[in-house]
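Derivation of every value follows stated rules applied to the coordinates shown; laboratory data play no part. Just so it is clear, the model here is predicted, and its values are computed rather than measured. Every residue, glycine among them, receives a Cβ derived from its backbone with ideal geometry; neighbour counts consider all protein chains shown.
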Amino acid sequence: MADSSFDIVSKVDRQEADNALNQAAKELATRFDFKNTDTTVTWKGELSVEIASSTEERAKAALEVFREKLIKRGISLKAFEADDVRQSGKEAKISGTFKAGISQEQAKKLSKLIRDEGPKSVKTQVMGDELRVTSKSRDDLQAVIALVKGADLDFAVQFDNYR
């Protein structure tokens, strides 16, 4: 029987992130506590977001609204990193970026976790910015998925190409 495998990746669904941003922008436009504060949430590039407001407190509150929307859309907050508030003229701005891809260091950490605590028949292989996990037994792969989901990692993970 051929080996079964899946990939562990760290990526953000751009469409879901866009939906979360649009929902947050809509809420900021209609909420009473954001009236006359010129608070906006916009894309700045492919994976960067900028929140601008007239006051620092409203900018932080807008960031919380955006984070709530990300959670509702199923995007892990580990994948979104926001900078501190900075003053830009009369506006307070917060820049945030979505992290994509598993670094070599994170892949090694994940491989070690699977090697130490996972089933012995499982093999891991780093492939660019993802980690391929293979085994003859699908049950072992399911055990690895449960292990990785239960682990306290400092980055978001998804599982792709399960075959």
Practice problem: Report, in cubic angstrom per residue, the convex hull volume of the C-alpha atoms of the chain. | Solution: 118
Practice problem: Calculate, for residue 42 and residue 112, the FRET efficiency according to 1/(1 + (r/R0)^6) with r their C-beta to C-beta distance and R0 25 Å; round to the nearest 0.05. | Solution: 0.05
Quiz prompt | Simple spin-label estimate for residue 30 and residue 158 in nanometres, 7 Å along Cα-Cβ | solution = 2.8
Practice problem: Take the cross-link list 11/120; 44/72; 11/44; 78/109; 78/120 and give me the ones stretching past 20 Å between alpha-carbons. | Solution: 11/120; 44/72; 78/120
Quiz item: Amide H to amide H under 5 Å from residue 156: which residues, 5+ apart in sequence or cross-chain, H placed 1.01 Å off N in plane?
Solution: 79
Practice problem: Could you go through the stretch 145-155 in sequence order and give the Karplus-derived ³J(HN,Hα) for each residue, using 6.51 cos²θ - 1.76 cosθ + 1.60 with θ = phi - 60°, rounded to whole Hz, and x for Gly and Pro? | Solution: 4, 4, 4, 5, 4, x, 6, 8, 9, 9, 8
Quiz prompt | Geometric extent, Cα atoms of the stretch 14-98 - Rg, Dmax (angstrom) | solution = 11.8, 35
Exercise. For the stretch 113-125, take each phi angle, set θ = phi - 60°, evaluate the Karplus expression 6.51 cos²θ - 1.76 cosθ + 1.60, and give the result in whole Hz per residue in order, putting x for glycine and proline.
Key: 4, 5, 5, 6, 10, x, x, 6, 7, 8, 10, 10, 8
Quiz item: Using a Förster distance of 41 Å, how high is the FRET efficiency between residue 57 and residue 103, based on the Cβ-Cβ distance and rounded to 0.05?
Solution: 0.75
Practice problem: Would you please give the FRET efficiency between residue 147 and residue 16, computed as 1/(1 + (r/R0)^6) with r the Cβ-Cβ distance and R0 = 22 Å, to the nearest 0.05? | Solution: 0.30
Quiz item: What ³J(HN,Hα) values, in whole Hz, does the Karplus curve 6.51 cos²θ - 1.76 cosθ + 1.60 give for the stretch 28-42 when θ = phi - 60°, with x put for Gly and Pro?
Solution: 5, 6, 9, 6, 5, 5, 9, 5, 6, 10, 6, 8, 9, 10, 9
Quiz item: How many Å³ per residue does the convex hull of the Cα positions in the stretch 82-163 occupy?
Solution: 113
Exercise. Would you mind telling me which residue in 37, 97, 124 has the biggest mean-square fluctuation in a Gaussian network model of the chain, where springs connect alpha carbons within a distance under 10 angstrom?
Key: 37
